[in-house]
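Notes to accompany the following structure.
The values are calculated or read from the model by the stated rules, or taken from the named source; none is laboratory data. Since the model is a prediction, treat every value here as computed from it, not as a measurement. Backbone-built Cβ (ideal geometry, glycine too); neighbour counts: all protein chains shown.
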């Protein structure tokens, strides 16, 4: 086990030739294959794998299988931990791909750690995207942990189905309604008091509430918001580009753009990331607006007035 932990492939090979017992476990409940996975040595892992096929779904004291250990370590393609994961997935016929521990399945652990190559390989092997952990998290909902890294967030979201779970909080700036997916790395719950310093994550973006306020957004309860607002399409024309009146020239990704009726100035790529589409020189987006309630006030009619009115028809 010490040789496996240190990644000493030649020593591991010698012990295997001497019929060493690969099923023995250390004080943490880890067998030699698990220890080899922890150190990420692909050579020793490859040597141990044929001898450990009956141990592939065993768990250590944390409830982790060797698949779970490797899933959260394969952050980049080509590194040893990722190569070990690929070797293990070749044994998919005997692997329990969707086995779960307190932290979730191997797929959920890979998403939580932001290990994009592991996510891709697990999905290709047939991992279930619908499994949920004890706290209600799914692989899809865990993507929002990476709201501060939009590139990784988009890549993960592109691989996993959109989580249909409704949120209880909405950020609204008068145009865009943005469902809050996470409050300080936790799923939002009804009645939650949010301080200015807590981070709010929406699709592809995460920042403290005070920054959302500075950008013109306010936090609303979803139930109340849906009662008072309705979905609509907003359209705005370009007012200024890089500080000058727009003359109809082609817009470039780095251009600083001010839309008429919108106080923010953003680069074109940021407007597009926020959900706006550029169509014939005008920006369009799906948003919300306050419902217009029409009240009909009926004044009581006196009996005498009603008789006079009817008499005109006689």
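Quick one: which helices (runs of 4 or more DSSP H) lie wholly within segment 25-89 and hold at least 2 residues that are at pLDDT 85 or above and within 26 Å of residue 152 (Cβ to Cβ)?
Numbers: elements: 32-39, 42-48, 66-71, 80-89.
Where helices (runs of 4 or more DSSP H) fall fully within segment 25-89 and carry at least 2 residues being at pLDDT 85 or above and within 26 Å of residue 152 (Cβ to Cβ), they are 66-71, 80-89.
Based on this model, can you work out whether residue 93 counts as in a loop (DSSP other than H, G, I, E, B), within 26 Å of residue 67 (Cα to Cα) and free of Cβ contacts under 8 Å to residues at least 24 places away in the same chain? Reasoning before the result, please.
Details: in a loop (DSSP other than H, G, I, E, B): yes; within 26 Å of residue 67 (Cα to Cα): yes; free of Cβ contacts under 8 Å to residues at least 24 places away in the same chain: yes.
When the stated conditions are applied, residue 93 passes them.
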Q: Starting from segment 15-26, take each residue that is in the same structural domain as residue 50 (by TED's automatic domain parsing) and list its partners that are assigned to a loop (DSSP other than H, G, I, E, B) and surrounded by 10 or more Cβ atoms within 10 Å (Cβ to Cβ), counting only C-beta distances under 6 angstrom and pairs at least six apart or across chains.
A: 26/1
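Only one of 37, 110, 8, 99 is more than 30 Å from residue 187 (Cα to Cα) and either within 33 Å of the chain's Cα centre (by Cα) or not assigned by TED's automatic domain parsing to the domain that holds residue 152 (or both); which? It would help to see each step written out before you state the result.
Numbers: 110 fails: more than 30 Å from residue 187 (Cα to Cα); 8 fails: either within 33 Å of the chain's Cα centre (by Cα) or not assigned by TED's automatic domain parsing to the domain that holds residue 152 (or both); 99 fails: more than 30 Å from residue 187 (Cα to Cα).
Residue meeting the stated conditions: 37.
Could you look through segment 245-256, keep only residues that are surrounded by 13 or more Cβ atoms within 10 Å (Cβ to Cβ) and out of contact with any helix residue (DSSP H, G or I) (no Cβ under 6 Å at 6 or more places or on another chain), and pick out the one that is farthest from residue 154 (Cα to Cα)?
Kept after step one, since they are surrounded by 13 or more Cβ atoms within 10 Å (Cβ to Cβ), are these residues of segment 245-256: 246, 251, 255-256.
Now restrict to residues that are out of contact with any helix residue (DSSP H, G or I) (no Cβ under 6 Å at 6 or more places or on another chain): 246, 256.
Values: 246: 31, 256: 23 Å.
The selected residue is 246.
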Q: Could you grab the pairs with beta carbons closer than 7 Å, sequence gap of 6+ or different chains, first residue in segment 121-140 and farther than 15 Å from residue 96 by Cα, second one at pLDDT 90 or above and surrounded by 11 or more Cβ atoms within 10 Å (Cβ to Cβ)?
A: 133/108; 137/108; 139/107; 139/108; 139/111
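Answer yes or no: is there a residue in segment 122-134 that is part of a helix (DSSP H, G or I), surrounded by 22 or more Cβ atoms within 10 Å (Cβ to Cβ) and more than 16 Å from the chain's Cα centre (by Cα).
Within segment 122-134, the first condition is being part of a helix (DSSP H, G or I), and the residues that meet it are 122-125.
This time we only want the ones that are surrounded by 22 or more Cβ atoms within 10 Å (Cβ to Cβ), so: 122.
Subset that is more than 16 Å from the chain's Cα centre (by Cα): 122.
Yes, that holds for at least one residue.
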Q: Determine the pairs where a residue that is outside the structural domain of residue 84 (by TED's automatic domain parsing) and on the phi < 0 side of the Ramachandran plot, located within segment 41-63, has a partner that is in a helix (DSSP H, G or I) and surrounded by fewer than 17 Cβ atoms within 10 Å (Cβ to Cβ) with Cβ atoms under 6 Å apart, the partner being 6 or more residues away or on another chain.
A: none
Q.
For residue 151, only one of the following conditions fails: (1) surrounded by 14 or more Cβ atoms within 10 Å (Cβ to Cβ); (2) in a helix (DSSP H, G or I); (3) over 10 Å from the mean Cα position of the chain (by Cα). What is its number?
A. (1)
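For the structure I just gave you, tell me whether residue 272 is outside any loop (DSSP other than H, G, I, E, B), within 26 Å of the chain's Cα centre (by Cα), outside the structural domain of residue 212 (by TED's automatic domain parsing) and over 19 Å from residue 178 (Cα atoms). Give the derivation first.
On the way: outside any loop (DSSP other than H, G, I, E, B): yes; within 26 Å of the chain's Cα centre (by Cα): yes; outside the structural domain of residue 212 (by TED's automatic domain parsing): yes; over 19 Å from residue 178 (Cα atoms): no.
No: the conditions fail for residue 272.
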